[in-house]
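What follows is one structure encoded as structure tokens, with my remarks underneath.
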Amino acid sequence: MLIGLTDIKKIYEVGTVKVPALKNIDLKIGRNEYVAIMGPSGSGKSTLMNIIGCLDTPTDGTYLLNGTNVSEMSDNQLAEIRNREIGFVFQTFNLLPRASALHNVELPLIYNGTSASNRKKLATVALEKVGLADRMNHKPNELSGGQRQRVAIARALVNNPSIILADEPTGNLDSKTGEEIMEIFETLHDSGNTIVLVTHEEYIAEHSDRIIRLRDGLVERDEASVN
Amino acid sequence: MNIGESVNIALTAIRANKMRSILTLIGIIIGVMTIIAMQSLITGLRNSINQQVTILGSNVFQVQKYPAIQTGQLDKKYRNRKDITLEQALAVKKNVTSAKAVGAEVNTWGRTIVYKDKKTTPNVLVFGTTPEFLTNNGYEIENGRFLTEQDVHYKNSNAVIGVDVVEKLFPNENPIGRDVKMDGQRYQVIGVFEKKGQVLGNSLDNVVVMPITRFEKQFGKWRSVSILVQSYTSETYQETLDQTIGVLRAVRKVPFGEDNDFEIFTNDTLIDFFDNLTKYVRIVAIAIASISLLVAGVGIMNIMLVSVTERTREIGIRKSLGAKKRDILWQFLIEAIVLSEFGGIIGIIIGLGIGKLVESITPVPADVPFGTVIFGLVFCSGVGILFGVYPALKAARMDPIEALGFE
């Protein structure tokens, strides 16, 4: 088991009102699974993704990631876990606009103290994996949307994380480019990566092996994908 | 996180906002420039004065009727003093046992020297002195010889002349052995000084030196004599000073309990006076610079706050990729430091440039005030840290989820 969520609760306090975003989530995701998390807005899927991605901690419950209890870690410890265990792919790519593709991919390595020459080597390898070896020195605004998302995937891969966590990765792309990106995820899954995909598009979710549907902060259904 | 990376980020950010950065830096540039330009000129002046004063030679002090530096009207207290005479100088020479050498000198300015049909401009400085003059004032003989005890004793009409006088009167001749005229009286040139150069625009080579006894015969005895006393070592210096004061008080019959009726002038006197004089200039300049640096610091804080807000998303991205609080803190702190150092370096360059400019159009020399340059750089880092820490903390404390969602 790679991800083990037990009795996870997340309650936001808005003024004096307590708003429960997640109520009692129990979830287990194994190594090399390809899981899609679905749900309408307000269902708690963003909150769940933030917790799985160690950007946030639950109000209550335990989260075991790769055997480590991360539910009560400090901000700095979480930063380390994110760096080591999680590779994020965002809907809006979230690349640094002034940095080259190569430098963007190097970023996670900067924060774990990899030497400059190794950073360059590893980042180049990651960019080759997503087929962007010839665009390494381009800035994000010189790349197409699909290319930007591939840079972001290379960045997510570069540290060999336990999970690739993709939040609406095709949301800003046309459907053809979206399909290309989904093919990359497929390849990554085939080569042994664990992928957690957050989406509200049924046809995107169908690329996965397992679909977890959330509603009102609870797991509504958890079933194998029909593909 | 490594500093090289932070510096790179900082330089990229500054380059991306050139106009904004330069406007922010004007305060720092003006502050640093003011201090450096002022310090450059004060250091230049001080070094030049120091050079002139150390011409007195090591362990030498000078006794004279008037203070070394007079400002404004000559005080009655000084004018009513008895002149110091050659006899008093000789008494010092005879009785101050710890002195290595005791010389006496008087001078008159604005004399014309004539040789055949050639004459100097009427601005030659003429000294009447003793053989000790040479070491006490740091002159060297290039040609011929200097005055001897015999010259002084027999009031010989001998003269040693400076290079400027040689150039005017003897452009193509060896001056040694020639007779020159001054105020109708005839002197034989027995030696020529080595070139000594200028101090604050005044040539030290436009001089004629003759025996003090001969000087008094021509120009009268009414001038107060300066006594130059050299001690053997710096350890005996104080003893020599005390002995000299004692002897002079005795021969000048100063009553017990009253102040000396003469002034002691040492190598440090002029420098002390200069430092005192420039102290206020420094304080004012430092005050102006401090205010402009304070304002500049607020400007830097403001621009860093803007930068942190603008780059909220970048902060979110970096945090999601594993940047810790201290990574973000350092990134923005180093950016503030790089920004203010950038201004500091520009300020130093302009300040030194102003110093050089003043040097080239006035006789005031400029010098690179290394201490102040280092101080300026350190101070700029201080300004960067002081005013950069709040924006950097703000950045470091951002919540990654909120920062990522920032539009």
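The values are calculated or read from the model by the stated rules, or taken from the named source; none is laboratory data. Since this is a predicted model, take the numbers as computed values, not measurements. Quick reminder, even Gly has a Cβ in these numbers, built from the backbone with ideal geometry, and neighbours come from all protein chains shown. Each accessible area value is taken on the protein alone, full model and side chains, heavy atoms only, with ligands, DNA and RNA left out. Shrake-Rupley method; radii C 1.70, N 1.55, O 1.52, S 1.80 Å.
Structural remarks
- Close amide H pairs (under 5 Å, H built 1.01 Å from N) link A:L218 with A:K23, residues at least 5 positions away or on another chain.
- Gaussian network model of chain B, Cα within-10 Å springs - most flexible of B:A323, B:A159, B:A289: B:A323
- Calculated over chain B, the projected area of the Cα convex hull averaged across directions stands at 27.9 nm².
- Spin-label pair B:Y390-B:N174: with each label point 7 Å from Cα along the Cα-Cβ axis, the two points sit 8.0 nm from one another.
- Hydrodynamic radius of segment B:265-357 by the Kirkwood approach over all distinct alpha-carbon pairs: 16.9 Å.
- Linear extension gain, A:R210 paired with A:D134, 0.36 nm per residue minus alpha-carbon span: 23.9 nm
- Among B:N123, B:N47, B:N267, the largest mean-square fluctuation in a Gaussian network model of chain B (Cα springs under 10 Å) belongs to B:N123.
- Accessible area that becomes buried as B packs against A, both chains, 1.4 Å probe, Å², nearest 100: 2100
- Taking a span of 30 Å or more along the helix axis (Cα atoms) and a mean Kyte-Doolittle hydropathy of at least -0.5 as the rule, the DSSP H helices of chain B that qualify are B:18-53, B:267-310, B:325-361, B:370-396.
- Contact order normalised by residue count of chain B, Cα under 8 Å, 6+ apart, percent: 30
- Here the average projected area of the convex hull drawn through the C-alpha atoms of segment B:82-261 stands at 11.4 nm².
- Amide N of segment B:340-363 lying under 14 Å from the label point, which is placed 7 angstrom from the Cα of B:V281 along Cα→Cβ: B:355-356, B:358-359, B:362-363
- Out-of-range pairs (alpha-carbon distance over 25 Å; input B:K94/B:K196; B:K65/B:K253; B:K65/B:K119; B:K155/B:K181; A:K120/B:K394; A:K28/B:K394): B:K94/B:K196; B:K65/B:K119; A:K120/B:K394; A:K28/B:K394
- Percent carbon-and-sulfur accessible area, chain B, ignoring ligands, DNA and RNA, probe 1.4 Å: 59
- Summarising the amide proton neighbourhood of A:G61: residues at separation of 5 or more, or on other chains, whose placed amide H is nearer than 5 Å comprise A:K9.
- Convex hull of the protein assembly as shown built on C-alpha atoms - directionally averaged projected area, nm²: 44.0
- Per-residue ellipticity at 222 nm computed for chain B from its helices equals -18500 deg cm²/dmol, with DSSP H segments shorter than 4 residues left out and the rest contributing -39,500 (n - 2.57).
- Solvent-accessible area of chain A (1.4 angstrom probe, protein heavy atoms only): carbon and sulfur portion equals 46 percent.
- Amide H to amide H distances under 5 Å link A:V89 with A:L165, A:A166, A:D167, where only residues 5 or more positions off or on other chains count and H is placed in the peptide plane.
- GNM flexibility winner over chain A from A:V158, A:V70, A:V14 (Cα, springs under 10 Å): A:V14
- Label-to-label distance, A:E179 versus B:N202, with points set 7 angstrom from Cα along the beta-carbon direction: 9.6 nm.
- Inter-centroid distance (Cα atoms) of segment A:152-189 relative to segment B:288-365, Å: 40
- Sites listed here are GluC sites (Glu not before Pro) in segment B:236-295 whose DSSP assignment is loop and whose Cβ has at most 11 other Cβ atoms within 10 Å: B:E258.
- Segment B:82-261 - charge dipole about Cα centre, Lys and Arg +1 at Cβ, Asp and Glu -1, debye rounded to 20: 680
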